[in-house]
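Trainee: Sharing a structure with you now.
The values are calculated or read from the model by the stated rules, or taken from the named source; none is laboratory data. Since the model is a prediction, treat every value here as computed from it, not as a measurement. Positions of Cβ are generated from backbone atoms using ideal geometry, with glycine treated the same way; all protein chains shown enter the neighbour counts.
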Amino acid sequence: MPGETYVHRCWKYSYLIIGLIFLSPLIQAEVTLPNVLADHMVIQRNKPVHMWGNADPGEKVVVSFRGQQGSATADDLGRWSVYLSPGDAGGPFTLTVQGKNAITLNDVLVGDLWIASGQSNMEFPMSKTDWGLGTKNSEEEIAAANYPQLRLFHVEEATSDYPMTDVAAKTWTACTPQSVGGFSAVAYFFGRDLLQKVKVPIGLIETDWGGTPAESWTSLQALSSNSLMPVFAARAHMMRDESATLLEQKYEKQQQAADIAAGRPARKSAWHPDPNSWAPSALFNAMIAPFTPLPIRGAIWYQGESNADPDRAPLYSTLFPAMIEDWRSQWAQGDFPFLFVQIANYITDADSPTVRDAQRKTLALANTGMAVTIDIGDPNNIHPVDKQDVGYRLALWARVLSYGEHIEDSGPLFRQGVPDGNKMRVWFDHSNSGIVVRGDQLHGFEVAGTDGKFAPATAKIDGDSILAWSDAVPSPVYVRYGWAANPQCNLYNRDGLPASPFTSQH
């Protein structure tokens, strides 16, 4: 202030500091929990119960659950963490957290907790959207979605330059016709099928964002250790500068062409990509990292379309397994089941076959499973409405890998292709029940010689293998199947599950 001396200022600030000291007991932080630890939540069974949050530095926090107690003292930053012994499935229970204040969590179940992530086909909700879509038979499915032991947690979209400790989200809810409409259809059908088979509470955490690439869901450490960071950082910069508008225009043209082909009025695209959502690790930081302290059963994933443009697709065979291993490292819970959807058939100029084959090869990682959807896509829409079969096929893998059932979880998967005279002979895994063709003859096979030029092939089932040949390729050395954006594919096993597209060339 004018005329205020140095001494006056010192006395004024001294009084301010003294006042803050006397007021400090009134403004101390209460004990808090992250949003995912809340009423109606599901705690992972048979793993240590982990509760964590914030309090005043040095404050003692006591957690009580199912007759157990554990305590911790908040560190200098106010962070605290308590582990309790594992327990069997059950509930509902009450959980309390006591510090200077008390928090009571009600209606807590113990069961199996699954993360559901990816882009728009995972985000695709049960109810109809602005696109005029909605899952197949959506009204009937929503009306029947009354499962008190299936719990839903939907994360709001967010980005961050560094790993976050909490997410913005609506509260946990029991699955009802009123709560399920805006929830992921794939995740719901997966959870419903598990609930009906396993008979324990199931929790689903939906954390996804339409139109996003896998590198955004991967940590900076993983991208850097796989030498991918410079590539994706440069592309994210391009996305911010110009590619968002171009990508939106391209998608809108594809959608309008699909509308016209289906006899619908051509719609203006409602999709506007956020350049920040394409930044390397931005979605991992904001929408995955906050859950890594949480014990889980596993993860389901539906993504790949945004990585299918020709200059990005070749990197997916490195990026995707790196992302899976990264998540497992970040959770520090071993090789938990990671189940993913192979992208569906759809008419596009993107390099979908390369991404599909990268997904197939990712099955080399332990405890991974792939739901093949090459037979249930929509040629004219990148968002097929049949999410029931997608959820069911993911659940088959979970029932085998995570729950130990002895059932078939996949259609035929390419094992080996070798020359047999002027033909290629192909063997498959997941074909013990026998391989069958739906229709009069097999479609989708091609063969190539050493020049790598593929020609359409005649193919037939020969015992437990397939023979494929072409007069245009007298000495074949390579074989592939379903190698197109929207291929004709009709090879199945007798369990009714479709064969995955593949190539033997790489």
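Trainee: Restricted to region 375-393, and to residues that are among the β-branched types (Val, Ile, Thr) and touching a helix residue (DSSP H, G or I) at 6+ places or on another chain (Cβ under 7 Å), which residue is nearest to LYS128 (Cα to Cα)? Give the steps one after another, and end with the answer.
Mentor: Let us first name the residues in region 375-393 that are among the β-branched types (Val, Ile, Thr), namely 376, 382, 385, 390.
Subset that is touching a helix residue (DSSP H, G or I) at 6+ places or on another chain (Cβ under 7 Å): 376, 382, 390.
Numbers: ILE376: 19, ILE382: 16, VAL390: 18 Å.
Of everything passing the filter in region 375-393, ILE382 is nearest to LYS128 (Cα to Cα).
Trainee: Also, I was wondering about something else. Taking the criterion of being in contact (Cβ under 8 Å) with a residue 60 or more places away in the chain, assigned to a loop (DSSP other than H, G, I, E, B) and among the small types (Gly, Ala, Ser), would at least one residue in region 75-98 satisfy it?
Mentor: Yes - at least one qualifying residue is present in region 75-98.
Trainee: Tally time: how many residues in region 425-441 are at positive phi and either over 30 Å from the mean Cα position of the chain (by Cα) or outside any loop (DSSP other than H, G, I, E, B) (or both)?
Mentor: Just the residues of region 425-441 that are at positive phi, to begin with: 430, 434, 439.
When the remaining residues are screened for being either over 30 Å from the mean Cα position of the chain (by Cα) or outside any loop (DSSP other than H, G, I, E, B) (or both), the result is 434, 439.
Matching residues across region 425-441 total 2.
Trainee: Pick from SER433, SER402, SER500: which is closer than 30 Å to ALA299 by Cβ, buried (at least 24 other Cβ atoms within 10 Å of the Cβ) and hydroxyl-bearing (Ser, Thr, Tyr)? So that I can check it myself, show each step before the final result.
Mentor: Working: SER433 fails: buried (at least 24 other Cβ atoms within 10 Å of the Cβ); SER402 fails: buried (at least 24 other Cβ atoms within 10 Å of the Cβ).
After ruling out the rest, the residue left standing is SER500.
Trainee: Let me ask another. Tell me the residue from SER500, SER475 that is part of a loop (DSSP other than H, G, I, E, B), of a type outside the set (A, V, I, L, M, F, W, C) and out of contact with any helix residue (DSSP H, G or I) (no Cβ under 9 Å at 6 or more places or on another chain), please.
Mentor: On the way: SER500 fails: out of contact with any helix residue (DSSP H, G or I) (no Cβ under 9 Å at 6 or more places or on another chain).
Only one candidate passes the filter, namely SER475.
Trainee: Across region 190-237, what is the number of residues that are under 25 Å from GLU305 (Cβ atoms), touching a residue at least 24 places away in the same chain (Cβ under 8 Å) and of a type in the set (Gly, Ala, Ser)?
Mentor: The qualifying residues number 9.
Trainee: Follow-up. What pairs come out if I take residues in region 43-59 that are part of a strand (DSSP E or B) and pair them with residues that are at pLDDT below 95 and of a type in the set (D, E, K, R) whose C-beta lies under 6 Å away, six or more apart or interchain?
Mentor: Final answer for the pair search is none.
Trainee: Another question about this same structure. Could you grab me the full set of residues in region 126-174 that are over 18 Å from the mean Cα position of the chain (by Cα), within 16 Å of ILE115 (Cα to Cα) and not in a loop (DSSP other than H, G, I, E, B)?
Mentor: LEU150, THR173
Trainee: Tell me, yes or no, whether region 200-216 has at least one residue that is of a type in the set (A, V, I, L, M, F, W, C), part of a loop (DSSP other than H, G, I, E, B) and touching a helix residue (DSSP H, G or I) at 6+ places or on another chain (Cβ under 6 Å). Break it down into steps so the answer makes sense when it comes.
Mentor: Here is the first cut: in region 200-216, the ones of a type in the set (A, V, I, L, M, F, W, C) are 200, 202, 204-205, 209, 214.
Remaining after also requiring part of a loop (DSSP other than H, G, I, E, B): 200, 209.
From what's left, touching a helix residue (DSSP H, G or I) at 6+ places or on another chain (Cβ under 6 Å): 209.
Yes, there is a match, as at least one residue in region 200-216 is of a type in the set (A, V, I, L, M, F, W, C), part of a loop (DSSP other than H, G, I, E, B) and touching a helix residue (DSSP H, G or I) at 6+ places or on another chain (Cβ under 6 Å).
Trainee: Being part of a helix (DSSP H, G or I) and touching a helix residue (DSSP H, G or I) at 6+ places or on another chain (Cβ under 9 Å) is the filter here, so list the residues in region 394-411 that pass it. Walk me through how you get there before you give the answer.
Mentor: Of the residues in region 394-411, the ones part of a helix (DSSP H, G or I) are 394-401.
Those that are part of a helix (DSSP H, G or I) and touching a helix residue (DSSP H, G or I) at 6+ places or on another chain (Cβ under 9 Å): LEU394, ALA395, LEU396, ALA398, ARG399.
Trainee: Still on this structure: Might you let me know whether region 441-464 holds any residue that is surrounded by fewer than 21 Cβ atoms within 10 Å (Cβ to Cβ), farther than 22 Å from ALA371 by Cβ and touching a Pro at 6+ places or on another chain (Cβ under 8 Å)?
Mentor: Checking region 441-464: at least one residue is surrounded by fewer than 21 Cβ atoms within 10 Å (Cβ to Cβ), farther than 22 Å from ALA371 by Cβ and touching a Pro at 6+ places or on another chain (Cβ under 8 Å).
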